[in-house]
Amino acid sequence: MMIKKNYGTSHNTFVVSSKRIELSPYINKYYNKNTIFGISAKRFYPLSTEIDPTASYWNLKKNVMIYDVPEKPIEISGPDSLKLLENIFTRNIYDLKIKRARYVISCNHDGGIIMDGILIRLTLKKFWYIHADGDFETWLLAHSKDLKVKIRDPKSWVVQVQGPNALKVLKECVPEMDIKKFKYFTCKTLNFDGQKFLVSRTGWTGELGFEIYSNGPKDDYHRLWDYIMEKGKPYKIKTSGLDSMGIRRIEAGILDYGTDMNRFNNPFEVGLGSYVDLSKNNFIGKTSLLKSNKKIKLFGITSENIIPFSGLEIYYKKKMVGKTTVGAFSPYLNKGIGYVLFNYNSNWEEKTLSIRDKENNFYDCKIISLPFYDKLKKIPRGIN
């Protein structure tokens, strides 16, 4: 059967007011009549700017893309900043070097995940946490009692430049920098045509790339965007909504907080156990995590006949055993792909199960471990 590539049917759309929701300073650089916005971290972001994201997806894989993303940095500073972060996060922070980044997650007292993101150490006692959707600032404030620490919103907006030509574009933008020394998860403050920005060798696509963090409202955002686009012309830079990025992040096995995991999932069952250090002296949720089940419940799913959009039921021997959390059509793999969160632990990998669509039709699907390819993450590291 030929799979139906219905790119626009995974979400319902509504007309929503922008009251109390922040609009990106980059919005005029990509907005068109086809733009559909999502909301994350109380910010609008371009979920889609085109009817079919396939061309943008291939440009991401073959050339370079620039994306306006809703990631929201929080600044944590002061004499007790490290003490607070060691208590909040499930892995060590003390050995994070200045101008380096680290993926870290935070759990509640029951061991459920309440946030994930990238922590950057700017100075010895100042950090930025670039986090996913959610009001994480309140959690930090609640646990900063009696600590000498300042928590604030730096009003920074983030753009991601991703794809195999990303570092070539960066070199064009900042000719004086040594690209070879700009390693994966390294950060630098760089001069873009007279404006200085923090830049990290990170991203949310599984491709080679970097992220640029603005300093606040005084920045000339349009000038930065136009400068990157001009320097990226020889490398075929384009922009689009995040749906093309979303396909690639699924292929890369990258999780989205609120979609693939939430406070009812412990890190181990969604494949994030390697980011939990149970030998660490103490952190919120450690007691519960020590006693928790360490087996994984989240797997990849492929289908030749259906796109496994979120919320579809998975069956084994006529019994419903799990649901999909996200899905897309992968142009690279030429099949439907997604994630499934099972109701219980079992040896699901490599099994052929059944997926039920919204019309009550059943199709075969195969369960695999994540990611779908590039298991060693050679692509974002720039390793051939």
Within segment 241-248, does at least one residue satisfy the condition of being among the basic types (Lys, Arg) and open to solvent by 10 Å² or more (accessible area, probe 1.4 Å)?
no
Number of positions in segment 132-161 that are more than 30 Å from Met229 (Cα to Cα) and of a type in the set (A, V, I, L, M, F, W, C)
8
Options Ile105, Ile113; residue that is under 17 Å from Thr202 (Cβ atoms) and under 21 Å from the mean Cα position of the chain (by Cα):
Ile105
With the checklist (1) touching a residue at least 60 places away in the same chain (Cβ under 8 Å); (2) open to solvent by 40 Å² or more (accessible area, probe 1.4 Å); (3) farther than 16 Å from Tyr363 by Cβ; (4) in contact with a Phe, Trp or Tyr (Cβ under 7 Å, 6 or more places away or on another chain) in hand, flag the one item Lys297 doesn't pass.
(1)
What single numbered condition from (1) open to solvent by 20 Å² or more (accessible area, probe 1.4 Å); (2) closer than 21 Å to Gly253 by Cα; (3) among the polar types (S, T, N, Q); (4) under 26 Å from the mean Cα position of the chain (by Cα) fails to hold for Ser330?
(1)
Pairs under 7 Å by beta carbon, first residue closer than 22 Å to Asp146 by Cα in segment 68-93, partner open to solvent by 10 Å² or more (accessible area, probe 1.4 Å) and assigned to a helix (DSSP H, G or I), six or more apart or different chains?
Ile74/Glu137; Thr90/Tyr275; Ile93/Leu82; Ile93/Glu86
Hey, any hits in segment 180-188 for a residue that's farther than 17 Å from Leu96 by Cβ and touching a helix residue (DSSP H, G or I) at 6+ places or on another chain (Cβ under 8 Å)?
yes
So which residues in segment 280-313 are within 21 Å of Leu353 (Cβ to Cβ), out of contact with any helix residue (DSSP H, G or I) (no Cβ under 8 Å at 6 or more places or on another chain) and in a loop (DSSP other than H, G, I, E, B)?
Glu304, Asn305, Ile306, Ile307, Pro308, Phe309, Ser310, Gly311, Leu312
So which pairs qualify, if the first residue must be in segment 358-384 and closer than 20 Å to Asn345 by Cα, the second must be of a type in the set (S, T, N, Q) and surrounded by 15 or more Cβ atoms within 10 Å (Cβ to Cβ), the Cβ gap must be under 8 Å, and the two must be at least 6 apart or on different chains?
Cys365/Thr302; Cys365/Ser303; Cys365/Ser354; Lys366/Thr302; Lys366/Ser303; Ile368/Thr302
Which one of the conditions (1) closer than 30 Å to Leu147 by Cβ; (2) part of a loop (DSSP other than H, G, I, E, B); (3) modelled with pLDDT of 95 or more does Ser24 fail to meet, given that it meets all the rest?
(1)
What strands (runs of 3 or more DSSP E) completely inside segment 125-218 contain at least 3 residues that are open to solvent by less than 20 Å² (accessible area, probe 1.4 Å) and at pLDDT 95 or above?
126-131, 158-162, 187-192, 195-200, 209-213
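The values are calculated or read from the model by the stated rules, or taken from the named source; none is laboratory data. Fair warning: this is a prediction, and the values are worked out from it, not measured in the lab. Positions of Cβ are generated from backbone atoms using ideal geometry, with glycine treated the same way; all protein chains shown enter the neighbour counts. The area values use the complete protein model at the heavy-atom level, side chains included, leaving out ligands, DNA and RNA. Shrake-Rupley method; radii C 1.70, N 1.55, O 1.52, S 1.80 Å.
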